[in-house]
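Just so it is clear, none of the values below were taken in a lab; they were calculated from the coordinates. Bear in mind the structure is a predicted one, so any value in this text is a computation, not a measurement.
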Amino acid sequence: MVTIRVQAEDFDPTVETAVLTKGRTDVGAIVTFTGLCRDEGGMLNALELEHYPGMAEQELARIAAQAQERWPVQGIVIIHRFGKIPPGERIVMVSVSAWHRSEAFCAAEFLMDFLKTQAPFWKRQNLGDGTSGGWVAGKEADEEALERWNTK
């Protein structure tokens, strides 16, 4: 089971994770990551996230399929929001169910490393003083984290 959603609305991680286990007795582990918008030391009013509709979902489905090929996971949920998101609100969630924790952790980390570097989303800072802080550039550390999956 793979669930992928790109949406403006907030989501409830507890509800979304429960979907992975409903009616299942063969799930031994669930690993969930939820990313929040930070206020960057009080300077940020909101993050504005943009994406290409259709393309974003297609890319998320492609990487979810890669995770399923690499690890024996039973379910994947990927939710990514777009629009203006104020500090403290949820931006992204990745949840993976598997027989064992190792596979669930690896698959979830793989998916998040992809989301941070390759998924077609763009972030622009909206600062507290009403100005734009510009587009957020990718981080070298995120690229390095993704690179390790190319050697496995």
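Observations
- Percent of beta bridges antiparallel (DSSP, the stretch 2-147, rounded to nearest 5): 80 percent
- From its DSSP helices (H runs of at least four residues, each -39,500 (n - 2.57)), the chain gives a residue-normalised ellipticity at 222 nm of -10500 deg cm²/dmol.
- Springs join every pair of Cα atoms under 10 Å in this Gaussian network model of the chain, and among Arg70, Arg81, Arg90 the largest mean-square fluctuation is at Arg70.
- For the pair Thr25 and Thr3, the difference between a 0.36 nm per residue extended length and the Cα-Cα distance amounts to 6.0 nm.
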